[in-house]
Amino acid sequence: MIHKKLILVLPFVLTCISLHSQVYIKSEYFGVSKFRDTDNNKTGGKGDLKTIQGGFQIPVSVKMNELNQPTAWAIGVLGSYGALNNSGLSYNDCLDELLNVQLAVTHTRPINEKWFFIAMLGGGVYTDMSAFSGKNFLGQGGVLFIRKINKNLDAGGGIAINNILGYPMAFFSLYLDWHKNGKFDFNISMTNQFELSAGMKLNELWKLRLVGELSGMSAIVDKDGQSQIFVHNWGVVGIQPVLSPGKSFLISMTAGVSVMRDAYYQKRTLKAFFADTDTYPHFGASPYVSIGIGYGF
């Protein structure tokens with residue numbers, strides 16, 4: 001069920017709580033693979049995927065208390081475009097383009113020495129580029145209560161609200177950020193995507209990491225006379241060299257394998273959303289490469 005949860009998590013979790021302005025851009029390529037139906041049978045179709053993503057966040061107000069805890073307001077913008085080069089697939093099987101653009105305002109405030117909360121409010125456009133209307137807009141918001149368990153681990157949960165089903169619904173949302181730094185570092189993050197990584201510092205410039213990520217995109221479309229959501233989720237594992245030529249600048253390059261890439265339509269109903277499906281229409285495993293650039297200031 002993890003990739004079904006991504007439908008909820010990815011569109012609205014813009015919980016960047018860094019006190020610094022940040023900018024990033026990332027490009028990915030998923031190699032050609034065969035398309036399979038819900039019975040895991042080949043359909044004769046195939047395709048690859050190219051994405052480009054970018055975003056920035058700007059703290060507009062930061063105040064520290066006597067415990068050096070921040071009360072902060074920030075604005076974040078995320079955008080991603082996906083081009084699916086499909087062959088032998090129709091509109092009923094898979095879309096050819098996806099565009100997701102999201103804007104959110106976040107507020108971080110301490111409750112006591114161990115607890116703090118993050119409140120979010122925003123919205124975004126999720127489209128296949130064929131039409132832009134109010135149906136393509138999703139409003140998003142929520143509150144997360146997070147405990148600083150130790151200097152390496154923040155964990156918590158809360159309520160997230162959006163209209164992904166066509167009307168406002170509240171869902172439980174999780175937050176997890178664990179990291180251990182040094183010559184060897186380990187990270188588990190469940191913020192704006194699910195990520196696991198382990199890395200080793202080679203020298204002052206280079207770090208080598210083993211990473212696993214779950215991410216995705218979606219679009220609200222009209223299909224079969226009703227509003228539906230097209231879901232495109234993927235999971236990748238790979239080796240990632242990271243170059244840090246400056247204290248605030250980094251370049252990451254990843255080479256690996258896309259181990260799953262689901263692509264399917266879903267009705268915007270509670271019954272469809274919570275239906276337990278073992279296999280979704282999907283593309284098979286394929287080579288994966290990406291490059292990303294980030295800067296904080």
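Being within 20 Å of residue 101 (Cα to Cα) and open to solvent by less than 60 Å² (accessible area, probe 1.4 Å): is that true of residue 218 here? Criteria met by residue 218. Going by the structure shown, is residue 86 touching a residue at least 24 places away in the same chain (Cβ under 8 Å), out of contact with any strand residue (DSSP E or B) (no Cβ under 7 Å at 6 or more places or on another chain), polar (S, T, N, Q) and open to solvent by 30 Å² or more (accessible area, probe 1.4 Å)? Judged against the criteria, residue 86 is not a match.
Before we move on, is residue 291 in contact with a strand residue (DSSP E or B) (Cβ under 7 Å, 6 or more places away or on another chain), over 21 Å from residue 173 (Cα atoms), of a type outside the set (Lys, Arg) and open to solvent by 20 Å² or more (accessible area, probe 1.4 Å)? The answer is yes for residue 291. Restricting the range 84-108 to residues that are polar (S, T, N, Q) and part of a strand (DSSP E or B), which is farthest from the chain's Cα centre (by Cα)? Per the stated criteria, the residue is 87.
Once the range 24-42 is narrowed to residues that are open to solvent by 70 Å² or more (accessible area, probe 1.4 Å) and touching a residue at least 40 places away in the same chain (Cβ under 8 Å), the residue that is nearest to residue 238 (Cα to Cα) is 29. Evaluated against (1) in a strand (DSSP E or B); (2) open to solvent by less than 80 Å² (accessible area, probe 1.4 Å), residue 172 falls short on exactly one condition, (2). Of all residues in the range 74-83, which are under 26 Å from residue 58 (Cβ atoms), of a type in the set (A, V, I, L, M) and either within 17 Å of the chain's Cα centre (by Cα) or open to solvent by 20 Å² or more (accessible area, probe 1.4 Å) (or both)? Scanning the range 74-83 gives 75, 77, 78. Taking residues in the range 151-177 that are within 15 Å of residue 120 (Cα to Cα) and without any contact (Cβ under 8 Å) to a residue 24 or more places away in the chain, and partners anywhere that are open to solvent by 20 Å² or more (accessible area, probe 1.4 Å) and outside any strand (DSSP E or B), the pairs with Cβ atoms closer than 7 Å and at least 6 places apart or on different chains are 161/168. What are the residues in the range 178-203 that are of a type outside the set (A, V, I, L, M, F, W, C) and touching a residue at least 40 places away in the same chain (Cβ under 8 Å), if any? Matches in the range 178-203: 191, 192, 193, 197, 199.
Within the range 227-242, is even one residue over 21 Å from the mean Cα position of the chain (by Cα) and closer than 30 Å to residue 134 by Cα? Among the residues of the range 227-242, at least one is over 21 Å from the mean Cα position of the chain (by Cα) and closer than 30 Å to residue 134 by Cα, which makes the answer yes.
This table checks each residue for (1) at pLDDT below 90; (2) assigned to a strand (DSSP E or B); (3) over 29 Å from residue 95 (Cβ atoms); (4) not acidic (Asp, Glu).
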| site | (1), (2), (3), (4) |
| --- | --- |
| 10 | yes, no, no, yes |
| 17 | yes, no, yes, yes |
| 48 | no, yes, no, no |
| 60 | no, yes, yes, yes |
| 63 | no, yes, yes, yes |
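Would you be able to say whether some residue in the range 214-230 is farther than 30 Å from residue 269 by Cβ and modelled with pLDDT of 90 or more? Scanning the range 214-230 turns up no residue that is farther than 30 Å from residue 269 by Cβ and modelled with pLDDT of 90 or more.
Close Cβ contacts (under 6 Å, 6 or more residues apart or on different chains) running from residues in the range 223-246 that are under 27 Å from residue 296 (Cβ atoms) and of a type in the set (S, T, N, Q) to residues that are surrounded by 15 or more Cβ atoms within 10 Å (Cβ to Cβ) and at pLDDT 90 or above comprise 240/209; 240/211; 240/252; 240/254; 244/250. Set side by side, the residues 166, 124, 141, 134 differ, and just one is buried (at least 20 other Cβ atoms within 10 Å of the Cβ), of a type outside the set (Ser, Thr, Tyr) and under 25 Å from residue 271 (Cα atoms), which is 124.
The values are calculated or read from the model by the stated rules, or taken from the named source; none is laboratory data. This structure is a prediction, so every number in the text was calculated from the model and none was measured. Using ideal geometry, Cβ is built from the backbone for each residue, glycine included, and neighbour counts are taken over all protein chains shown. The area values use the complete protein model at the heavy-atom level, side chains included, leaving out ligands, DNA and RNA. Shrake-Rupley method; radii C 1.70, N 1.55, O 1.52, S 1.80 Å.
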